[in-house]
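The values are calculated or read from the model by the stated rules, or taken from the named source; none is laboratory data. Note that this is a predicted model, so its numbers are computed, not measured. Cβ placement follows ideal geometry from the backbone for every residue including glycine, while neighbour counts extend to all protein chains displayed.
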């Protein structure tokens, strides 16, 4: 059954903040509140550490993006960015498609009530049972990453008596462009983990067109993540369409769909500007006019798969200071959550903005190191973050963690509790995933009775 948020006795009613963010960004932090709620109220209700997501911010991001996209563009949410069931159900209820990359994510979007015809299955290394599940589900398309995967999908489709719609994924070099990533996450040189080189792509197209069990819709290429330059995003889309047009002409199929992936970025630093959606829209409308003027692409649809852009600014990781150390002119705040809960700063080497709450110290901000409770020198979630030195008992929020936060971490390391996840909408907070105590996974383990 679809999952929907509903009022409960534990919801925290607060008048929503109506003032825009000080930074001019659409984000969960507005003044001294997170989603219109006092951080201490959230901490007392749900405990710390804690993940909080503002669904109103997600709504605004979706609406802003849709306003920039021409009518031929469709949006599929990249589930890997934040696979919380409530998040997926909410975005699905807004009519978004879904980009899944595992059988588990396919089950997730079904549980969230998203129609299968709005789902794309991407990603390398699909297992046979995942391909079979995708065939049975009747998805919008399965993205094929290699010739061997193509043949396995043919067998799965033939066994089910189905004709499966597919896209062929090109490696970044085949898409004819350099990566625009600021931090390397997706970027792949040549035919490596993602997609096929040019020769394999063309052979796969010929085989797909000949197969009675496949329907070749077009191509997919995704070369960069977290891009803030509209020109780079649009040129990538133009390149993917050009590749699809060439492949369709050579193999003899109609180019119905070009999947340009995600890549729409958000600013993580105070000095960074948000993606200029006005300029993105202007450039995309020019591309749309070009496609409309060409008989070969007049009916081609373009699919974008944003994840971070839609949910990243909506999230905050809230932790409490349990100790503070001042030595050699440096201040270190020890939080009750670290890289076991938020690994991204260490994983990709990119800092998140941080904000402290509850500090009465009005002195000028100083560089503060934010460390977690783990017995590891790697457990640093913020280095040199400018703020008034937080006191023991204060709260600290790390921002822009709505994407690649909770599920991209290492929660079992050192057996600390797994944070709860909470959704906020119109100033009301509701638990969407409970805190998990280490005893839960301890109970599932066994000692061999040799």
_Selection from the stretch 383-402 of residues that are modelled with pLDDT under 95 and outside any loop (DSSP other than H, G, I, E, B)_ = 383, 384, 385, 386, 387
*So which residues in the stretch 380-410 are in contact with a helix residue (DSSP H, G or I) (Cβ under 9 Å, 6 or more places away or on another chain) and surrounded by fewer than 20 Cβ atoms within 10 Å (Cβ to Cβ)?*
380, 383, 407, 408
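Tally up the residues in the stretch 235-281 that are assigned to a helix (DSSP H, G or I) and under 25 Å from the mean Cα position of the chain (by Cα), please. Please lay out each step first, then the result.
Step one: filter the stretch 235-281 for residues assigned to a helix (DSSP H, G or I), giving 235-251, 277-281.
Okay, now just the ones that are also under 25 Å from the mean Cα position of the chain (by Cα), so 235-241, 277-281.
Adding up the residues that qualify gives 12.
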_Looking only at the stretch 97-120, count every residue that is free of Cβ contacts under 8 Å to residues at least 60 places away in the same chain, touching a strand residue (DSSP E or B) at 6+ places or on another chain (Cβ under 8 Å) and either closer than 24 Å to residue 64 by Cα or crowded, with 24+ Cβ neighbours inside 10 Å (or both) and tell me the total._
6
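Tell me whether the stretch 381-389 contains one or more residues that are in the same structural domain as residue 333 (by TED's automatic domain parsing) and touching a residue at least 40 places away in the same chain (Cβ under 8 Å).
Keep residues of the stretch 381-389 that are in the same structural domain as residue 333 (by TED's automatic domain parsing), which gives 381-389.
Cutting the leftovers down to touching a residue at least 40 places away in the same chain (Cβ under 8 Å) gives us 381, 389.
Within the stretch 381-389 (the criterion being in the same structural domain as residue 333 (by TED's automatic domain parsing) and touching a residue at least 40 places away in the same chain (Cβ under 8 Å)), the answer is yes, since at least one residue qualifies.
Please indicate, with yes or no, whether at least one residue in the stretch 40-48 is crowded, with 22+ Cβ neighbours inside 10 Å, modelled with pLDDT of 50 or more, assigned by TED's automatic domain parsing to the domain that holds residue 428 and not in a loop (DSSP other than H, G, I, E, B). Full working, then the answer.
Taking the stretch 40-48 as the starting set, the residues that turn out to be crowded, with 22+ Cβ neighbours inside 10 Å are 42, 46, 48.
From what is left, the residues that are modelled with pLDDT of 50 or more are 42, 46, 48.
If we keep only those that are assigned by TED's automatic domain parsing to the domain that holds residue 428 as well, we get 42, 46, 48.
Add one more test, that the residue is not in a loop (DSSP other than H, G, I, E, B), and what stays is 42, 46.
Taking every residue of the stretch 40-48 in turn, at least one turns out to be crowded, with 22+ Cβ neighbours inside 10 Å, modelled with pLDDT of 50 or more, assigned by TED's automatic domain parsing to the domain that holds residue 428 and not in a loop (DSSP other than H, G, I, E, B).
Test of understanding: among 338, 349, which residue is outside any helix (DSSP H, G or I), surrounded by 24 or more Cβ atoms within 10 Å (Cβ to Cβ) and touching a residue at least 12 places away in the same chain (Cβ under 8 Å)? Working first, answer last.
Details: 349 fails: surrounded by 24 or more Cβ atoms within 10 Å (Cβ to Cβ).
Step by step, each of 338, 349 is checked, and only 338 is outside any helix (DSSP H, G or I), surrounded by 24 or more Cβ atoms within 10 Å (Cβ to Cβ) and touching a residue at least 12 places away in the same chain (Cβ under 8 Å).
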*Taking the stretch 62-84 on its own, how many of its residues are part of a loop (DSSP other than H, G, I, E, B) and more than 17 Å from residue 402 (Cβ to Cβ)?*
4
*So residue 61 clears everything in (1) under 30 Å from residue 289 (Cα atoms); (2) touching a helix residue (DSSP H, G or I) at 6+ places or on another chain (Cβ under 9 Å); (3) surrounded by fewer than 18 Cβ atoms within 10 Å (Cβ to Cβ) except one condition, right? Which one?*
(3)
*Consider residue 374 against the criteria (1) in contact (Cβ under 8 Å) with a residue 40 or more places away in the chain; (2) within 25 Å of residue 31 (Cβ to Cβ): it satisfies all of them except one. Which criterion is unmet?*
(2)
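Can residue 432 be described as in a loop (DSSP other than H, G, I, E, B), touching a helix residue (DSSP H, G or I) at 6+ places or on another chain (Cβ under 6 Å) and either touching a residue at least 12 places away in the same chain (Cβ under 8 Å) or in the same structural domain as residue 26 (by TED's automatic domain parsing) (or both)? Quick ask: steps written out before the conclusion?
On the way: in a loop (DSSP other than H, G, I, E, B): no; touching a helix residue (DSSP H, G or I) at 6+ places or on another chain (Cβ under 6 Å): yes; either touching a residue at least 12 places away in the same chain (Cβ under 8 Å) or in the same structural domain as residue 26 (by TED's automatic domain parsing) (or both): yes.
So residue 432 fails the test.
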*Got at least one residue in the stretch 296-308 being more than 20 Å from residue 49 (Cα to Cα), modelled with pLDDT under 95 and either part of a loop (DSSP other than H, G, I, E, B) or in the same structural domain as residue 236 (by TED's automatic domain parsing) (or both)?*
no
*So residue 325 fits all but one of (1) touching a strand residue (DSSP E or B) at 6+ places or on another chain (Cβ under 7 Å); (2) at pLDDT 95 or above; what number is the exception?*
(2)
